[in-house]
1. Which of the residues that make up segment 46-66 are farther than 11 Å from residue 24 by Cβ, more than 10 Å from the chain's Cα centre (by Cα) and of a type in the set (A, V, I, L, M)?
2. Can you give me the number of residues within segment 38-56 that are out of contact with any Cys (no Cβ under 8 Å at 6 or more places or on another chain) and exposed (fewer than 12 other Cβ atoms within 10 Å of the Cβ)?
3. Having 3 or more residues that are of a type in the set (A, V, I, L, M) is the bar; report the strands (runs of 3 or more DSSP E) wholly within the chain that clear it.
4. Collect the residues in segment 9-37 that are in contact with a strand residue (DSSP E or B) (Cβ under 8 Å, 6 or more places away or on another chain) and open to solvent by less than 80 Å² (accessible area, probe 1.4 Å), keeping them in residue-number order.
5. Which condition number does residue 18 fail, the rest of (1) at pLDDT 95 or above; (2) on the phi < 0 side of the Ramachandran plot being met?
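The values are calculated or read from the model by the stated rules, or taken from the named source; none is laboratory data. Treat the numbers as computed from the prediction; the structure is a model and nothing was measured. Ideal geometry is used to build each Cβ from the backbone, glycine not excepted, and the neighbour counts take in all protein chains shown. Areas reflect the complete protein model, heavy atoms only, side chains present, ligands, DNA and RNA absent. Shrake-Rupley method; radii C 1.70, N 1.55, O 1.52, S 1.80 Å.
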Amino acid sequence: KMNRFAFIHDKVRCVFCGACAAVCPVRALILPNEKALDFDPALCTGCLACRQVCPMDACRVRKVGS
């Protein structure tokens, strides 16, 4: 089975700077505008790059499958 990941986005902390989407190597995160962040769980590999670059600590990734 494939591992699946959930992206937990803290909308209160997020300033929608796009840093997370910019570093996502598989484009699982997309910032379509300054008020929204889209996530595709089928693409996420759980690399945590988004979490590492977020200046507001608004990104979390957790494993939801095995």
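1. 56, 64
2. 2
3. Values: elements: 5-9, 29-33, 36-39, 59-63.
Ranges flagged: 29-33.
4. 9, 10, 14, 16, 18, 20, 21, 28, 29, 31, 32, 37, listed by residue number.
5. (2)
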